[in-house]
């Protein structure tokens, strides 16, 4: 039997545990991070956007309804796409991967067209998308809606797992 440690926040880990429930393994929930919604630190500069980019379910979860839910939405992956649709967004496309996948999807859908892009995200996000859109010429607004706090919720469980297992598998998301 394989033992795995689910290190996402509690609610995400429970969802993941349910998804992998049919696989013969033992999964333990031991969150190593906490997601905390933040108050906006700046005003949104534009009032009209053509595209919203969600690079995580946490961004969707902490997004305040600011814009029309009929806007084009790009998500980083299938799970975030499903979550955005459950949240009410109608026109959602999954980039199926990484920030680079979102860039490739943008190039395929918009080419060199310059549009207004809104990106609710975390303080800890990379600048890959911002750097691309700066060079490409589109207006890109990164808007912080949550932060990630390192927080080992169950340090004893985590320590016991690491000490007792010869092979360690950490599963972050699916």
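Every residue, every condition in (1) more than 30 Å from residue 160 (Cα to Cα); (2) in the same structural domain as residue 140 (by the TED database); (3) modelled with pLDDT under 85, yes or no:
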residue: 10; (1), (2), (3): no, no, no
residue: 21; (1), (2), (3): no, no, yes
residue: 59; (1), (2), (3): yes, yes, no
residue: 86; (1), (2), (3): yes, yes, no
residue: 90; (1), (2), (3): yes, yes, no
residue: 94; (1), (2), (3): yes, yes, no
residue: 99; (1), (2), (3): yes, yes, no
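Which residues, taken from region 113-144, are part of a loop (DSSP other than H, G, I, E, B), over 15 Å from residue 52 (Cβ atoms) and modelled with pLDDT under 95? The answer is 123, 124, 126, 127. Restricted to region 93-104, and to residues there that are assigned to a helix (DSSP H, G or I) and under 17 Å from the mean Cα position of the chain (by Cα), the residue that is surrounded by the most Cβ atoms within 10 Å (Cβ to Cβ) is 102. Quick check, is residue 79 part of a loop (DSSP other than H, G, I, E, B) and out of contact with any helix residue (DSSP H, G or I) (no Cβ under 6 Å at 6 or more places or on another chain)? Criteria not met by residue 79.
For region 1-28, a tally of residues being part of a strand (DSSP E or B) and in contact (Cβ under 8 Å) with a residue 40 or more places away in the chain returns 7.
If you take the residues of region 47-57 that are over 17 Å from residue 86 (Cα atoms) and surrounded by 12 or more Cβ atoms within 10 Å (Cβ to Cβ), which of them is modelled with the lowest pLDDT?
49
Here the condition is being farther than 30 Å from residue 162 by Cβ and surrounded by fewer than 21 Cβ atoms within 10 Å (Cβ to Cβ); of 14, 81, 42, 34, it holds for 42 alone.
Picking from residues in region 145-172 that are in a strand (DSSP E or B) and modelled with pLDDT of 85 or more, the one that is surrounded by the fewest Cβ atoms within 10 Å (Cβ to Cβ) is 150.
The values are calculated or read from the model by the stated rules, or taken from the named source; none is laboratory data. This is a predicted model, so every value here is computed, not measured. Don't worry about glycine lacking a Cβ; one is built from the backbone with ideal geometry, like all the others, and counts go over all protein chains shown.
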